[in-house]
Amino acid sequence: MPQKFTPQEQVGEKMEKQESGRKRQGDFLRLLRYSALRVIALFLAVVVGVYLMILIANMGGYVDEIRRAEIAFNVAQQVRGSPEFADLPEERRREIMDSMIETEERRLGLDQPFILRSVYYLRDALTLDLGRSENLTSDAGSRQVRHIILERLPPTLFLFLTAQIITFFAGLFIALTLSRQYGSKLDKIMVALAPTSAAPSWFYGIFLILIFAALLGVLPFGRMVAAPPPDDTLQYALSVIRHLILPVAAIVLGALFLSVYQWRTYFLIYSMEDYVEMAKAKGLSGRKIERRYILRPTLPPIITSFMLGIITVWMGQIVLETVFNWPGLGRLLFQAIGLYDTPVIIGIIVIFAYLLALTVFVLDFIYAMVDPRVKVGGEGGQST
């Protein structure tokens, strides 16, 4: 027979549901408030960083003087070398040159104070509305800075996210295995290899190219896909994977051993806690103890160190992508610096700033998910 509730019980159940609904709504609102505050704080940090970069890139306005000198030189060459102005008096030619210089400076905004223009630069940089590149073009032939940068962003994300996912899961598995075999030969070997992570990933990349591309000839020297690219979709994907092996291996080698050493230490520290000994005394299996009492409390510091490591990797990708001729943002930045292409340089640094801010933002929420002691959107909008 169906269970019957008294009127008092029905009222109590209804009030309990309403209270639960209000609590969920309150938690959701706190989460939104916290997210909004974090986004605003990170955006302000990006704004300050980008503005300082603009000031540095323009050397406090000194670059404008260089550009004015270049404009004057180009206009003088154009006027003096043109037969159209050859018969004119020197004063008339000077007037024409001054007019052309003034028009070009007005077109570039050089007639305005640098402080005012730096604010315009900041606005354009944050929206990637940086106009046309001075020397570079996209593969599709566009000279718009936004198109050039967005064309190179997916290869960079694909390369580094693949490498970081492999590093995280491989490092976690190896570190957990070594914590069970503390003092073994394998443990001592991995501890001895930890200092090798001091070398940057591009350093390993050079040796990998020498061994597997130059000597053995089993893998390509660089690029993202074979030239010319295969027409078949499957063959294209296989070519990308083949070209991906060496740069991913270089990134993994540059970070894996130190990560394993750090995470192994975390596992060893937490395995000596009193509650772990209590769980062993209760007769729980080793796997269950590792999963519940060792792995779970060590995930927050592990994820924190891993995400901060990603930030470091972003900053070191310029040389790595150049070594492997990988068509990403790092290699584009190297080319832009060599060609003094200021709009592209500023645009790439803005993308890096957004990526770093996004990494920190994601870290906050992952940290709260794996550590129940952290309250996202708690009192005052702070995580505790």
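Only the coordinates and a few stated rules stand behind these numbers; no lab work does. Model, not experiment: these values are computed from the prediction. Every residue, glycine as well, gets a Cβ built from its backbone with ideal geometry; the counts of neighbours run over all protein chains shown.
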(message) Nearest 500 deg cm²/dmol is fine: what mean residue ellipticity at 222 nm does the chain get from its DSSP H runs of n ≥ 4 alone, each adding -39,500 (n - 2.57), divided by its residue count?
(response) -24000 deg cm²/dmol
(message) To make sure I understand, if each residue's beta carbon is the centre and we count other beta carbons within 10 Å, what order do S239, S179 fall in, fewest to most?
(response) S239, S179
(message) Using Cβ counts within 10 Å as a stand-in for footprinting exposure, how do F361, F73 rank, fewest first?
(response) F73, F361
(request) With label points built 7 Å along Cα→Cβ from the Cα atoms of L234 and L157, find their separation and express it in nm. (result) 2.8 nm
(request) Could you tell me the distance between the Cα centroids of the stretch 103-178 and the stretch 32-63, to the nearest Å? (result) 15 Å
(request) Treating the angle as unsigned and between 0 and 90°, give the value, to the nearest 10°, between the Cα long axis of helix 233-270 and the longest Cα principal axis of the chain. (result) 50 degrees
(message) Quick one: 3J(HN,Hα) in Hz for the stretch 347-363, Karplus 6.51/-1.76/1.60 with θ = phi - 60°, rounded, Gly and Pro as x.
(response) x, 5, 5, 5, 4, 4, 4, 5, 5, 5, 5, 5, 4, 5, 5, 5, 4
(request) Note the listed values (i) 26.1; (ii) 23.9; (iii) 24.9, then indicate which one is Kirkwood radius over Cα pairs in Å calculated from this particular structure. (result) (i)
(message) Of A255, Y62, V218, which is farthest towards the positive pole of the chain's charge dipole, taken about the Cα centre with +1 and -1 on the beta-carbons of Lys, Arg and Asp, Glu respectively?
(response) A255
(request) Mind putting a number on the dipole of the stretch 145-381 about its Cα centre? Charges go on the C-beta only, +1 for Lys and Arg and -1 for Asp and Glu, and I need it in Debye to the nearest 20. (result) 720 debye
(message) Calculate the FRET efficiency for A170 and R132 from the Cβ-Cβ distance with a Förster distance of 51 Å, rounded to the nearest 0.05.
(response) 0.70
(request) Please compute the net charge surrounding Q317, taking Lys and Arg as +1 and Asp and Glu as -1 over other residues with Cβ under 14 Å from its Cβ. (result) +1
(request) Would you order D364, D231, D129 from fewest to most other beta-carbon atoms within 10 Å of each residue's own beta-carbon? (result) D231, D129, D364
(request) For the stretch 82-99, just list the computed ³J(HN,Hα) in residue order, Karplus coefficients 6.51, -1.76 and 1.60, θ = phi - 60°, integers in Hz, with x standing in for Gly and Pro. (result) 8, x, 4, 9, 5, 8, 7, x, 4, 5, 5, 5, 5, 4, 5, 5, 4, 5
(request) With θ set to phi - 60°, apply the Karplus curve 6.51 cos²θ - 1.76 cosθ + 1.60 along the stretch 192-207 and write out the HN-Hα couplings as whole Hz, x wherever there is a Gly or Pro. (result) 5, 7, 4, x, 5, 6, 5, 6, x, 5, 5, 5, 5, x, 4, 5
(request) Pull out the extension gain between Q181 and R106, defined as 0.36 nm times the separation in residues minus the alpha carbon to alpha carbon distance; nm, one decimal. (result) 19.9 nm
(request) Return the FRET efficiency for the residue pair V48, R296: r is the Cβ-Cβ distance, R0 is 41 Å, and the value is rounded to the nearest 0.05. (result) 0.65
(request) Starting from the Cα of R123, step 7 Å along the direction of its Cβ; do the same at R30; then give the gap between the two resulting points in nm. (result) 4.0 nm
(request) Mind checking the full-extension length gain between A199 and Y275? Use 0.36 nm per residue of separation minus the Cα-Cα distance, one decimal, nm. (result) 23.5 nm
(message) Expected output is a single nm value to one decimal: the length gained when fully extending between K188 and S82, i.e. 0.36 nm times separation in residues minus the C-alpha distance. What is it?
(response) 30.5 nm
(message) Could you work out the relative contact order of the chain? I mean the mean sequence separation of Cα pairs under 8 Å and 6+ apart, divided by the number of residues, in percent.
(response) 23 percent
(message) Suppose every Lys and Arg Cβ carries +1 and every Asp and Glu Cβ carries -1, with no other charges. What dipole size does the stretch 170-250 come out with about its Cα centre, to the nearest 20 debye?
(response) 340 debye
